[in-house]
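Participant: Pasting a structure below so you can have a look.
We did not get these values from a lab; they are worked out from the coordinates using the rules stated. Keep in mind it's a predicted model, so treat the numbers as computed, not measured. Positions of Cβ are generated from backbone atoms using ideal geometry, with glycine treated the same way; all protein chains shown enter the neighbour counts.
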Ligand code: NHR
Ligand code: GAR
């Protein structure tokens, strides 16, 4: 069975959606970089092992990355799932886990990378916004796209109303992508996870409910 470690920073609603989807996944641990991350309680209540690697206790980004990597390696997961994880990870960390780190980003990448994506979308005046599941590469929010969901912007939206509409769809596509991966594993080895039809690009249709293959 595919094994994962989930990294969070805050409320953890994407993590909760993954837990609630009852996927054929071995969730080895939920790790937060903040001791007060609300998602830690949710994870523990669901029976998940939880850990904290508090970034404020480290004197450099590399020192934090190394401590995080040590905890992740203890669990030997096949994939690392960023779910609202808010620390930029250094090149050495990313290159230690090639093609093994997934992220959900609340915009239709490559539009609006970085922070405050709903504000960026409202300021740009786009009529369609959304969310993207992608593979994490050293360059921020620029890795290969696995799935996207489009969400309409309403004329009277503010950051909160738009963000809430996007978040509901995040809770659909992230578990859907992980289900696709979990159910299509043919082997797990030194070179990584081999998937059936691995060269296919998966995208979600606009309703966010049905996966279509391109
Ligand atoms: N790391 C790499 N190398 N590449 C990516 O694509 C990454 C990443 C780490 C996290 C998630 C991400 C997002 O979905 C992610 C993608 C945090 C920041 C940020 O600026 C930006 C993007 C993302 C996550 N963080 C501040 C920092 O200094 C801290 C902000 C805070 O703590 O609130 O690390 O958009
Ligand atoms: C989600 O919208 C996620 O896409 C976003 O933060 C929120 C976390 O919510 N991630 C980023 O912005 C990464 N920079 P959650 O903790 O309830 O899953």
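Participant: Expressed as cubic angstrom per residue, what is the convex hull volume of the alpha carbon set of the chain?
Facilitator: It comes to 120 Å³ per residue, whole-number rounded.
Participant: Out of 42, 56, 137, any idea which swings most in a Gaussian network model of the chain, alpha carbons joined below 10 Å?
Facilitator: Between 42, 56, 137, it is 56 that shows the largest mean-square fluctuation.
Participant: Still on this structure, I have one more. Under the 0.36 nm per residue contour assumption, what length would be gained going from the current alpha-carbon distance of residue 1 and residue 184 to full extension? Before the final figure, lay out each step's value.
Facilitator: On the way: separation 183, 0.36 × 183 = 65.88 nm, distance 1.02 nm.
Value of the extension gain: 64.9 nm.
Participant: Tell me the mean residue ellipticity at 222 nm calculated for the chain from its helices only (DSSP H runs of n ≥ 4, each -39500 (n - 2.57), averaged over every residue, nearest 500). Mind dumping the intermediate values first?
Facilitator: Numbers: 6 runs with 69 residues, N = 214.
One gets -10000 deg cm²/dmol as the mean residue ellipticity at 222 nm.
Participant: For each of 95, 183, count neighbouring Cβ atoms within 10 Å of the residue's Cβ, then give the residues from fewest to most.
Facilitator: Working: 95 10, 183 13.
Arranged by neighbour count, lowest to highest, 95, 183 become 95, 183.
Participant: Still on this structure: Just for the chain, what percent of DSSP beta bridges are antiparallel, to the closest 5?
Facilitator: Numbers: 18 of 35 bridges.
The antiparallel proportion sits near 50 percent.
Participant: Multiply the residue separation of residue 127 and residue 56 by 0.36 nm, subtract the distance between their alpha-carbon atoms, and state the gained length in nm to one decimal.
Facilitator: Numbers: separation 71, 0.36 × 71 = 25.56 nm, distance 3.85 nm.
Additional length available on full extension: 21.7 nm.
Participant: Still on this structure, I have one more. Once you've got the GNM for the chain with C-alpha springs shorter than 10 Å, pick whichever of 139, 123, 51 has the biggest mean-square fluctuation.
Facilitator: Most flexible of the set in this elastic network: 123.
Participant: Springs between alpha-carbon pairs under 10 angstrom, Gaussian network model over the chain: which of 149, 52, 30 fluctuates most?
Facilitator: Highest fluctuation of the listed residues: 52.
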